[in-house]
Structure formats: C-alpha cells, structure tokens
Amino acid sequence: MEKKKTLASALLLLFFGLLAGGSIITGELYELWFWGIGFVLILIIGYSITSQRQDERQEKLDKANEPTDDFSASVKIVGYGAKYSFAIDNERKKIMIVTADNSSDVAKKRYIDFTDIISVELLEDSNIAFSKSTMRTIGGGIVGGAIAGGAGAVIGGLSGDSKVKKEISKIEVKILLRNQNSPTYTIQCYNDGPLEVSGIGKITYDSIMSTAKEIVDHIGVIIDMMDREYQHQENMQISEPRTNSIADELEKLCSLKEKGILSEEEFQKQKERLLS
C-alpha cells in the first residue's frame, strides 16, 4: 500500500513538473509561480504523511515494548522507519522482536529463547556479509553443523559487496533456531526498494547497516555466552566422581533439558548412551 501511495505521489510530482515546464516555454510567469507553489505543497504534504505514519508505528512499538511480567527489556534497538524493534531481556534470557506497519492496529511480537539460537547471518540482497554459529557440542559435534564456513566465520566482511554495487534493495538479519516448526526468523532491516550505497543514499544506508550490525553483535554475544554456560555444565559433569549411579546421571540430563540447555533430541542421545 505504501509503495502505491509513493508511486502516486511521484506521478503527481511529474505532472506538476511538466506543467511548470510548459509555463516556462509559454513565458507565463504567474503560471510558473502557481505550479511552483503547488509542487512545494505536495512535497510538504508527502513529508507530513510519511512522518505521521512513522509516528504511528513508533507508538505501536513503544506500547509493545512496555515491561511485563514475562519480558522487561535491558537492551532495545529501533529499526529504520520505526518498522521493527529488537529487545533483549538478559534476566529471562529472551529476545523480543516487534514488527509494526500501518495496516494493523497492533504490532506483532516474536519471542526467542537464548538457548534456541544456533546462528545469525547479516545479508545484503541475499548475499552473506557476516555469519556466526554456536560452538555448543554434544558428543564432540557442533550443534546444527558448521554454518557458512564455520562458527563465527566472516564472509567478505560487512557490506563487502557494496564496494562493487551501486545500490541494494534488501538488508536482513537471519536467525537460525532450534525449532522444527519455525527454524528461522528473519528481521527485515530494509526492504523498501533500491537504495544507493554511495552519494545521496549513503547516509541512510550507513544508518541501516549500523543498526543491523548492532543487532548481529548482540546475538553474537548471546551465542558466546550460551556456549560458555554449556561448556561449564559439561566441565562440571566431567569433574564429578564417576561413582554416580545411572539414575543420578539421568536426573542431571533431565535438569539440563528442563533448563533448555539440552534439546529433546540431545537428551535422548545422552540417555541412550547411559543405558547402553
């Protein structure tokens, strides 16, 4: 809907531009002033409408990010045009991503537990600029497998393609999750059509990329934190006396599963190893 309204505004501007050009040719100065004033009014109205829509989205984001018993943000980032927000609750170990548009009265929320995150990628027009994945292991293997060249691999560096390309159309942060029903979640940081990466559009591009990288950095810190926590749990188990009974070991596995450190599949594998 917004793209259609933008197109309509562009056509109106073109129409007034042609009329103004015609006035110059005919030499009617008063007509030129008339169309010039009309042109400026259209620009003012267009900016006012755009600003109002952004304020409406910001209001929805603010309401959705109000503290509750289930989530209280310790970190909050608002994206380009107030179309989304990214928040972290370090106490409850959760992420909340909120999206807002002008077609709905209520913003949409998505919660992600720290333990569900396998990897994060930053993409420009579907090209990976950066990728980081978990190092948590079960029986010596990387959970989820090596992703995009391995854990923490940098693919070309941030905005590497931008040195060659003059414009981009999409910037995304993609999160891979331990969730069969919804294995990925993508944050649309920018998806409003061609954007110059130099010249006039560079300031906007740099701002969007800076926000996207900040989100990726936070998720990267979460991945490292959960890896350390998991490794600590493994070390604790290894350091304990081997005289523990199978029942004790099973009880520990159940505890790790309840805390979300072990998935159902990982729990079953470790249980089979104990009972074999």
State yes or no: is residue 275 over 16 Å from residue 112 (Cβ atoms), among the hydrophobic types (A, V, I, L, M, F, W, C) and either at pLDDT 90 or above or surrounded by 13 or more Cβ atoms within 10 Å (Cβ to Cβ) (or both)? no
(1) more than 14 Å from residue 215 (Cα to Cα); (2) surrounded by 17 or more Cβ atoms within 10 Å (Cβ to Cβ); (3) not aliphatic (A, V, I, L, M) all hold for residue 105 apart from (2)
The lone exception for residue 53 - which of (1) modelled with pLDDT of 95 or more; (2) in contact with a helix residue (DSSP H, G or I) (Cβ under 8 Å, 6 or more places away or on another chain) it fails: (1)
Among the residues that make up region 250-260, is at least one of them in contact with a strand residue (DSSP E or B) (Cβ under 8 Å, 6 or more places away or on another chain) and at pLDDT below 80? yes
So which strands (runs of 3 or more DSSP E) stay within region 38-107 end to end and still have 3 or more residues that are over 19 Å from the mean Cα position of the chain (by Cα), over 30 Å from residue 226 (Cβ atoms) and without any contact (Cβ under 8 Å) to a residue 12 or more places away in the chain? none
Scan region 92-114 for residues that are within 21 Å of residue 191 (Cα to Cα), touching a helix residue (DSSP H, G or I) at 6+ places or on another chain (Cβ under 7 Å) and of a type in the set (Lys, Arg) and report the count. 1
When (1) outside any helix (DSSP H, G or I); (2) at pLDDT 90 or above; (3) of a type outside the set (S, T, N, Q) are applied to residue 146, the one that fails is (2)
Can you give me the number of residues within region 174-191 that are touching a residue at least 40 places away in the same chain (Cβ under 8 Å) and farther than 19 Å from residue 111 by Cα? 1
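The values are calculated or read from the model by the stated rules, or taken from the named source; none is laboratory data. Note that the coordinates shown come from a computational prediction; the quantities given were computed from them, not determined experimentally. Every residue, glycine among them, receives a Cβ derived from its backbone with ideal geometry; neighbour counts consider all protein chains shown.
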